[in-house]
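Only one structure is covered here, and it is reproduced in the block below.
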Amino acid sequence: MNQPQNVESIDHGPIPERGNALESNVEPIAPPTPSRFSPVAAPAEDPSGVQRALHAARLILPFAQRLLPLLDSTIVAAIADLFALRPHPNAQSLPSKVDAPALEASLAELQAQQRTLRDQVSLQNAVLRRVEERLEMVRKVIDSNTFEQQQVLDDIKKFGSRARTVAIVGLGLIAFTAFLNLILFLHIQRVLP
């Protein structure tokens, strides 16, 4: 199907005759006239600025009606503050003059506090150094005591092994003397009737 792109491309020339009587009575169709309600617009004239503004307002109005209830009063107040030509509230609370003697007195007080704090910190550092030295001495004493206890333990083990050896030799001698006494007793009994 080959359809024309727009109205101007339609050929309004004479209709070829086919021998039909109805076709000769057909009149060419005139383009439709634009009406107020028709979707086909009349050739538009350049609208004035007011008309364009009203048209834009008509387009925006439904969206604005939906968005305005969503705005919070703080947002509205912030926007109003932006447009207002008043100074910032904190600018009024700042003092216009600086009290130099009071400022110097508070600065001197801060310096004195810093000195006392520095003295306290140095005193605490000295105390910490002394505690560290004492802990080092205690560690050395504990290490020497551990070493001495290890030596004593080694000495006790050596003494235990020597005592065991002496006990075994002593028991062996006692057994040997008992055996000799038994032999002498039997010999004396045989010799003396």
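Any read-out appearing in this document is the output of simple, stated calculations on the displayed coordinates, not a laboratory observation. Model, not experiment: these values are computed from the prediction. We place every Cβ from the backbone using ideal geometry, glycine too, and count neighbours over all the protein chains shown.
The simple spin-label model puts a point 7 Å past each Cα toward its Cβ; for Glu133 and Phe63 those points are separated by 8.2 nm. Could you compute the FRET efficiency for Val169 and Asp143, with r as their C-beta to C-beta distance and R0 at 41 Å, rounded to 0.05? With a Förster radius of 41 Å, E is 0.55. Using each residue's phi in the range 116-131, evaluate 6.51 cos²θ - 1.76 cosθ + 1.60 at θ = phi - 60° and report the 3J(HN,Hα) Karplus result to the nearest Hz, with x for Gly and Pro. After applying 6.51 cos²θ - 1.76 cosθ + 1.60, I find 5, 5, 5, 5, 4, 5, 5, 5, 5, 5, 5, 4, 5, 5, 5, 4 Hz.
Length gained on full extension, Ala102 to Gln124: 4.6 nm, using 0.36 nm per residue less the C-alpha separation. Karplus-derived 3J(HN,Hα) values for the range 155-169, using 6.51 cos²θ - 1.76 cosθ + 1.60 with θ = phi - 60°, are 5, 5, 5, 5, 4, x, 5, 5, 4, 5, 4, 5, 5, 5, 5 Hz; glycine and proline are entered as x.
Let me make sure I get this right: for the range 105-193, a, b and c are the square roots of the gyration tensor eigenvalues over alpha carbons, sorted descending. Under 1.5 in a/c it's rounded, otherwise prolate if a/b > b/c, else oblate. Which is it?
prolate
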